[in-house]
Every structure is written in structure tokens, then in C-alpha cells.
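The values are calculated or read from the model by the stated rules, or taken from the named source; none is laboratory data. Quick caveat, the model's predicted, so the values are computed rather than measured. All Cβ positions, glycine included, derive from the backbone under ideal geometry; neighbour counts span all protein chains shown. Just the protein is used for accessible areas: all its heavy atoms, side chains included, with ligands, DNA and RNA removed. Shrake-Rupley method; radii C 1.70, N 1.55, O 1.52, S 1.80 Å.
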Amino acid sequence: MDNFQDRIIIFDTTLRDGEQSPGATLNVEEKLEIAHALSRLGVDVIEAGFAFASPGDFEAVEKIASQVGTEDGPVICSLARAIKADIKAAAEALAPAAKGRIHTFISTSDIHLEYQLKKSRAEVLDIATEMVAYAKSFMDDVEFSPMDAVRTDSEYLYQVLEAAIAAGATTINIPDTVGYTTPSEFGALIKGICDNVPNIDRAVVSVHGHNDLGLAVANFLEAIKNGARQLECTINGIGERAGNAALEELVMALHVRRQYFNPFLGRPAESTEPLTNIDTQQIYKTSRLVSNRTGVIVQPNKAIVGANAFAHESGIHQDGVLKNKLTYEIMDAQSIGLVDNQQIIMGKHSGRNAFRTRLGELGFELSETDLNKAFVRFKEVADKKKEISDWDLEAIVSDEIRQPPELFRLELVQVSCGDRSRPTATVTLRTPEGEELTDAAIGTGPVDAIYKAINRVTNIPNQLIEFSVQSVTAGIDAIGEVTIRLRYKDRVYSGRAANTDIIVASARAYIKALNRLYAALQQEEKVAAQVAI
Ligand code: KIV
Ligand code: ZN
């Protein structure tokens, strides 16, 4: 890899660390879809998964390597513990990629050595050296992470890093595994590494950090000022516990404050060259896709991609923005690909061509079949809702097109409720075998009644752990988006659906989550049957 010392490498780990968010499990097709979106976004490296972890993870890394890891595409990376079997699996899964990277790691802090690894510092130093060399025997591009680096004795850390680079690591990554550090401390750690590891000029210095104290992005920005050139981050900041540093926040900080950061990368302050390769106009779309597929909702006040990030409520602010946007806005919503959500662009008289053109402008490339499906749904919505905004269109496309195959299909949902009646629901579902089944149930509320009726038909054991409704746009006729999360054993399955009727959206979201759970149960049965043979 080039010596990217004058620009920032964006290493996206949405599909690996991001997928470690509770309940964010993705199937192979969804991972592939996200990987394509990350490639359009312009990330330099996609950490596609942890190939050794399961056959599903291996398949996802391999498919992403072959379909997204093209010559002019991003580097495709797989995580691997510092264990031969892990590294070998990573190398095999990455084989189809034009540019592959093995990312191997081992803990180096005393607390991890004593309680988790039960090994001495000398033993870990040897393992790190040997496993980096082993990874290097498969490919040139090798990244090494001393896990819990922030709580590792700094002299020992320098020693491990020097040995890893000598063994062939081309990137050394400094993780704040537990989200403990603060910006000035982290900056000093990165400076210490740059000053004290003798062969540091042979590797790119990378940072990885969790957001337990809400400081991950600030820590990374300080790290850049002290020599870090690769940022490991995720879309919407998803990830283990409180998540990872958010890609969109880092990229937009470097975009909006370019003049401030330029000199730290050896450029004149006034240079207009972007600091990253990211196409910022893809940010909003990618954020929605990831939220949609993982079922992890973006909080409304989330920086850059939250629903309120560009909304002005106070009269003073609105007055200022109308006179000159820059009075209260530091960036333009269009720079992240967000079109004005108040812009009414379509209604029930809009034709198929206008619909197709607008979707194209919003970046959706649909096949003829998908376009037809989406158009039928658009007409249904337009009958109920006079004005359709870009946000509504995006919800329609996400709901109708980008969904896993339907196993159970909702044919009918009917509820009766009110302050003098017991909430009662009737549902008709088509089963995967094509049979139509109807049942009814009474619940504590209409949604509870629907879910009980659906459970009577499907008989799929599960525990509902999250139900939330968000409106896509303002107004009484707004499209409501329902997100559901179910737990079965130790896994969580999500479903999301949008409709002007939130009762219908609730039923559809539940069916989508159940379909995922059902598909996973079928897969388990298939594997068990193979093992039995
Ligand atoms: O948080 C962490 O330390 C990690 C490593 C595997 C890089 O995710
Ligand atoms: Zn991590």
C-alpha cells in the first residue's frame, strides 16, 4: 500500500465490529448490499467480517472479496485472532479479492494477559511476532492490533509494535478497546508511538476506539494531529456496547474543518484537497441503509445523520437561516446527500417516468420489476397522503424493495379497539408452503392483539424486546416507520416496515422479524441434519 501520510485512510468496520452491536445480525446478502454501498461511499478498506467465526462469516467475507474487492475497489479485510487457524481462514476467504488484508490481534494489557490469556508479556510478544509473520506468508498487506492498547504499559507496547512491524505488519492499529481514554491522553499515546518505535516509518498508524465515554470521535481527531493516518470507524457509530467512532462524524469534521486539520498533514491551511476519499453525498443514504438492515435506529439528535441534525426549531434560528444559512449552519444538508425534507416533489398524479427519474436523482437504481413494485406501492401511499417527499420515497423503496424474501406473508390485518372494547385482531397469513391461515386474538392493545394472532398462526417461539414507531416526515398523514426486535435464545432479529397506517406497519415489521428468525431456524435445522449424516 502507498504511504498515505498526507491523507486519511477510512477503514470501515461496520460489517465486523458494527455487527457486534446487540441485535445487529445481518445475513450474507445484506452484508453484500452494505459492502457495495461502502464501496460507493469511497471507503479505503472494508473489514468484511471475522472469517473463522462461523461458516456464514466466512461466506460473507469471501463473497465481498470477490464481488466488491475489485481492482479499483476497496481493500477487503478479515479479522483473525493471533492463531494459525484464524489467519488461514482469513487468507482463504480473502483469496478472491484484488487487494486483501489480514487483520490479526492479541491483547497486550496486563489485565487481559493475567485474567484472559493467562500468558506472560514475553509469551504474547512471541505470539504476535510469529503470527504476523504467518499472516505475511499469505499476503503483503497485514494489520496488527495490540488489543486494549490504551491500558497497556507503553514501553511494552513500543516493543510489541516494533516486533510486529519487523515481522511484516504494514499497518499497526491502536485500539481503545474499552472506550477509556481522553483526547489529550490518546494524542500523547500516538505521539509516543511515533517517537519511540524505531521502525514506525514502515507502517501506517491506525486508531480504533469505542464510545463508552462518548469520546471516540474526539480521541481520533486528536490522534490525527499526532500522526495517526487510518481511522477505524462504523456507519452511525454502531458497534460493541456504546459503539465505535462514527464514520460520518469523522469525515464531516475533516471536511468542515479542513483548514484546521490541513497543517497536521503537512499541507498549507488553505489547501482545498479533500482529506479523505469519501464521497460525502453518499453519507445519508448509506446511514439509512445500515440502520434499515441492522434494525439499529439512529437517534433523532445524532450528529450529521439524525432526523433533527439540520432542523431549526427556534424562531431566532429560523429567522437567521432564512436571511443567511451560515448564521446557524456550519454545513449544507446537501453535502451529505440529504434533500430538503420539506420539498414536496410528487403526488398521486405523478407518472411512472417522473417516479423513475426522481428515484434516479436520489441514487436508487432499480430493476424494472422492482420499479414496478415500488410504483404500485407509491400509488397506494399517494392515495392516502397528498404530498410525497423524498424521505417518503426513500421509505417506500426501502420497505418494498430492499427486504429479505418473504417466507410468511401478511395477507390481511384487521383490528377493533377503542375505550369501550377489548382490542381484538384478525390476521390472515400465507405460509411458506402457500397455505392461507386466519386466526384472531385479544390483546392489551391493538398491536399486542395483532402479535398474539400472528403468533397463533406461525407458532415461532420468540420474545419481543423492542417496538418503536418513528414518523418519516411531519404531519398527521406522515408515513410511520415501525422497528421490531425479537429475541430467540441468545440472538436478536429485527424487522422494519413503513406505512401511513402504523397498525399495518406494526404487523409487517413483526412478520419481517419473524421471517428472519424462521430462516435462521431452518438454517440451524439444515446444519444439524448435515452433522447427523
Ligand atoms: O476493540 C477492539 O480492540 C477490537 C480489536 C479486534 C481491534 O475490535
Ligand atoms: Zn472494537
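The residues of segment 208-238 that are small (Gly, Ala, Ser) and more than 16 Å from VAL43 (Cβ to Cβ), listed by number, are GLY209, GLY214, ALA216, ALA218, ALA223, GLY227, ALA228.
Of all residues in segment 82-94, exactly one satisfies the criterion of being assigned to a loop (DSSP other than H, G, I, E, B) and either aromatic (Phe, Trp, Tyr) or surrounded by 20 or more Cβ atoms within 10 Å (Cβ to Cβ) (or both), namely ALA82. Per this entry, ALA382 is not counted among residues that are under 21 Å from ALA498 (Cβ atoms), touching an Asp or Glu at 6+ places or on another chain (Cβ under 7 Å), surrounded by 19 or more Cβ atoms within 10 Å (Cβ to Cβ) and at pLDDT below 90.
Kindly evaluate SER145 against the criterion of being under 27 Å from the mean Cα position of the chain (by Cα) and modelled with pLDDT of 95 or more. Lay out the reasoning, then the answer.
On the way: under 27 Å from the mean Cα position of the chain (by Cα): yes; modelled with pLDDT of 95 or more: yes.
So SER145 fits the description; yes.
For first residues located in segment 255-271 and farther than 23 Å from ILE304 by Cβ, partners that are outside any helix (DSSP H, G or I) and lie 6+ apart or on another chain with Cβ distances below 8 Å form the pairs PRO263/ALA269; GLY266/GLN5; GLY266/ASP6; ARG267/ASP6; ARG267/GLU273. Among the polar types (S, T, N, Q), within 16 Å of ligand 2 (Cβ to nearest atom) and assigned to a helix (DSSP H, G or I), is that true of GLN116? The answer is yes for GLN116. Looking only at residues in segment 38-56 that are at pLDDT 95 or above and part of a helix (DSSP H, G or I), the one that is most open to solvent (accessible area, probe 1.4 Å) is ARG40. Among the conditions (1) in contact with a Lys or Arg (Cβ under 9 Å, 6 or more places away or on another chain); (2) within 25 Å of GLY295 (Cα to Cα); (3) of a type in the set (D, E, K, R), ARG377 misses just one, which is (1). Report yes if LEU32 is out of contact with any strand residue (DSSP E or B) (no Cβ under 7 Å at 6 or more places or on another chain), away from ligand 2 (no atom under 14 Å from the Cβ) and closer than 22 Å to ASN277 by Cβ, otherwise no. Yes.
Taken as a whole, the structure leaves THR70 outside the set of residues that are at pLDDT 95 or above, within 16 Å of ligand 2 (Cβ to nearest atom) and out of contact with any His (no Cβ under 8 Å at 6 or more places or on another chain).
Taking segment 25-37 as the range and being closer than 23 Å to THR177 by Cβ and crowded, with 22+ Cβ neighbours inside 10 Å as the test, only LEU26 passes.
Considering GLY434, GLY443, which residue is surrounded by fewer than 19 Cβ atoms within 10 Å (Cβ to Cβ) and at positive phi?
When all the criteria are applied, what remains is GLY434.
Pairing each residue of segment 7-29 that is free of Cβ contacts under 8 Å to residues at least 40 places away in the same chain with any residue that is open to solvent by 10 Å² or more (accessible area, probe 1.4 Å) and away from ligand 2 (no atom under 13 Å from the Cβ), provided the two are 6+ apart or on different chains, yields C-beta distances under 6 Å for VAL28/GLU59. Return yes or no: is ASP126 of a type outside the set (Gly, Ala, Ser), away from ligand 2 (no atom under 16 Å from the Cβ) and in a loop (DSSP other than H, G, I, E, B)? Here the answer is no, as ASP126 does not meet what is asked. Against the criterion of being touching a Leu at 6+ places or on another chain (Cβ under 8 Å), more than 24 Å from ILE235 (Cβ to Cβ), at pLDDT 95 or above and of a type outside the set (A, V, I, L, M, F, W, C), THR129 does not qualify.
For segment 66-81, indicate whether the set of residues that are open to solvent by 40 Å² or more (accessible area, probe 1.4 Å) and in a helix (DSSP H, G or I) is non-empty. Within segment 66-81, one or more residues are open to solvent by 40 Å² or more (accessible area, probe 1.4 Å) and in a helix (DSSP H, G or I). Scanning segment 98-113 for residues that are assigned to a strand (DSSP E or B) and either more than 12 Å from ligand 1 (Cβ to nearest atom) or surrounded by fewer than 20 Cβ atoms within 10 Å (Cβ to Cβ) (or both) gives GLY100, ARG101, ILE102.
Taking segment 419-441 only, how many residues are in contact with a Lys or Arg (Cβ under 6 Å, 6 or more places away or on another chain) and not basic (Lys, Arg)? Of the residues in segment 419-441, 3 are in contact with a Lys or Arg (Cβ under 6 Å, 6 or more places away or on another chain) and not basic (Lys, Arg). Residues that are polar (S, T, N, Q) and more than 15 Å from ligand 1 (Cβ to nearest atom) were ranked within segment 1-37; the one that is modelled with the lowest pLDDT is ASN3.
Contact map, segment 409-421: residues that are touching a residue at least 12 places away in the same chain (Cβ under 8 Å) paired with residues that are open to solvent by 70 Å² or more (accessible area, probe 1.4 Å) and assigned to a strand (DSSP E or B), Cβ distance under 8 Å, separation 6+ or inter-chain. Pairs shown: ARG409/ARG430; GLU411/ARG430; GLU411/GLU436; LEU412/THR438.
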